[in-house]
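Quick notes on the structure that follows.
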Amino acid sequence: MILKLVIALLLLIGIFIFFIKYLTLDAPTKVYDERKQRILIEVFSNTLIYLIAIWFIIIIFKTIGFKNLDFDFLNEYKEVANLGLTLALLVINYISINKKYNV
């Protein structure tokens, strides 16, 4: 129990450090780049579309009775699977869209 709390606290601190370091809101010092904004919008929209499609496929599999998966960790913590899937899709979409705009 204590180990889980310590790991959760370390992850939370790591997330806050990432947000503070890379997602600062000091807009007057940064130059506005429309290309970066278009890339981010396209990455997030593609990720959302793929997530919704995957969730619909999961719902269809559950309704037809395909749920004999014995992954206790993923069945107990479904949020971890969703976060992992979201992060993987974000990285894949960012790489592919960044290649498209850097041609």
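Could you give every pair whose Cβ atoms fall below 7 Å, whose first residue belongs to the stretch 38-54 and is within 13 Å of residue 100 (Cβ to Cβ), and whose second residue is exposed (fewer than 12 other Cβ atoms within 10 Å of the Cβ) and not small (Gly, Ala, Ser), counting only separations of at least 6 or pairs across chains?
39/101
If residue 95 satisfies every condition in (1) surrounded by 13 or more Cβ atoms within 10 Å (Cβ to Cβ); (2) modelled with pLDDT of 85 or more; (3) within 30 Å of residue 7 (Cα to Cα); (4) not polar (S, T, N, Q) but one, which is the exception?
(1)
Would you check if there is a residue in the stretch 64-74 being exposed (fewer than 13 other Cβ atoms within 10 Å of the Cβ), modelled with pLDDT under 85 and within 21 Å of residue 93 (Cβ to Cβ)?
No: zero hits.
Would you mind stating whether residue 80 is modelled with pLDDT under 80 and outside any helix (DSSP H, G or I)?
For residue 80, the condition - modelled with pLDDT under 80 and outside any helix (DSSP H, G or I) - is not met.
The values are calculated or read from the model by the stated rules, or taken from the named source; none is laboratory data. Keep in mind that this is a model prediction, so the values were computed, not measured. Ideal geometry is used to build each Cβ from the backbone, glycine not excepted, and the neighbour counts take in all protein chains shown.
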